[in-house]
Each structure stands twice: as C-alpha cells, then as structure tokens.
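Just so it is clear, none of the values below were taken in a lab; they were calculated from the coordinates. Here the structure is a predicted model, which is why all the values come from computation and not from measurement. Note that we place each Cβ from the backbone using ideal geometry, even for glycine, and neighbour counts take in every protein chain shown.
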Amino acid sequence: MTKRLIGLTGGIATGKSTVANYLATAYNLPILDADVYARDAVSVRSPILSQIAQRYGKSEILLADGNLNRAKLGEIIFHQPEERI
C-alpha cells in the first residue's frame, strides 16, 4: 500500500485542527502540528528565542516569565517591513 502525505493549510480559525483531529481519531493517522514545532523552537532558553531577544531586546520581546511575547513580535514583524524575511 502506498503511503500518502496530507497537508492541511488555511487561514486562522478555518478548521484545520478540527479536520486534523477528525482524521487522527477516525483513521488513526499520525498528526504533525507545525504550531507545536514552532512553539517548541522558541521555548524558554532555546537558541532561537535567545537570538530573537538579542535582536529586539529582552525587555521588549520577552514576558516576565521568559516566554516570547508573541503579540510584540507580531507587532514588530507586521509594522516593520524591513524585519520580514
């Protein structure tokens, strides 16, 4: 039997997680959630978060508990075109 890879894409709140959870439950399919990997990449004390904090300043981009201030990073990225890749 040929294995297939299914990718789910879409905008915010379009049901991607709902469909993924349905497929996982109904068909016993493994799910790789990119959001989980993205959050892991910027977890407290991760090298990536350290680089982000170094670029934008710890007091600007980190919350009191050391986590990434996603709202602030979004504000920077979406309001400063030069900061986009």
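Explain nothing, just the number: relative contact order of the chain, from Cα pairs under 8 Å at least 6 residues apart, as a whole percent. Don't skip to the end; give the middle numbers.
On the way: 38 pairs, mean separation 11.0, N = 85.
In percent, rounded to a whole number, it is 13.
Test of understanding: ordering 14, 2, 9 by Cβ neighbours within 10 Å, fewest first, what list do you get?
Working: 14 11, 2 3, 9 7.
So the residues, fewest neighbours to most, are 2, 9, 14.
Among all the lysines, which ones have a C-alpha under 22 Å from residue 3's C-alpha, if same-chain residues fewer than 8 places away are not counted?
16
For region 34-75, just say rounded, prolate or oblate: build the C-alpha gyration tensor, square-root its eigenvalues into a ≥ b ≥ c, call rounded for a/c under 1.5, and beyond that prolate if a/b exceeds b/c, oblate if not. List each step's numbers first, then the result.
On the way: a/c = 1.68, a/b = 1.38, b/c = 1.21.
Prolate, because a/c is 1.5 or more and a/b exceeds b/c.
Would you please name the trypsin sites (Lys or Arg not before Pro) within region 29-67 that are DSSP coil residues with at most 15 other C-beta atoms within 10 Å of their C-beta?
On the way: sites: 39, 45, 55, 58; in loops: 45.
Hits after loop and neighbour filter: 45.
Can you give the log10 of the normalised intensity I(q)/I(0) at q = 0.14, 0.22, 0.25, 0.26 Å⁻¹, computed with Debye over equal Cα scatterers of the chain?
Ignoring solvent entirely, the Cα scatterers give -0.67, -1.06, -1.20, -1.25.
How do 16, 3 line up, fewest other C-beta atoms within 10 Å first? Working shown, then result.
Values: 16 17, 3 4.
Fewest-to-most Cβ neighbours within 10 Å comes out as 3, 16.
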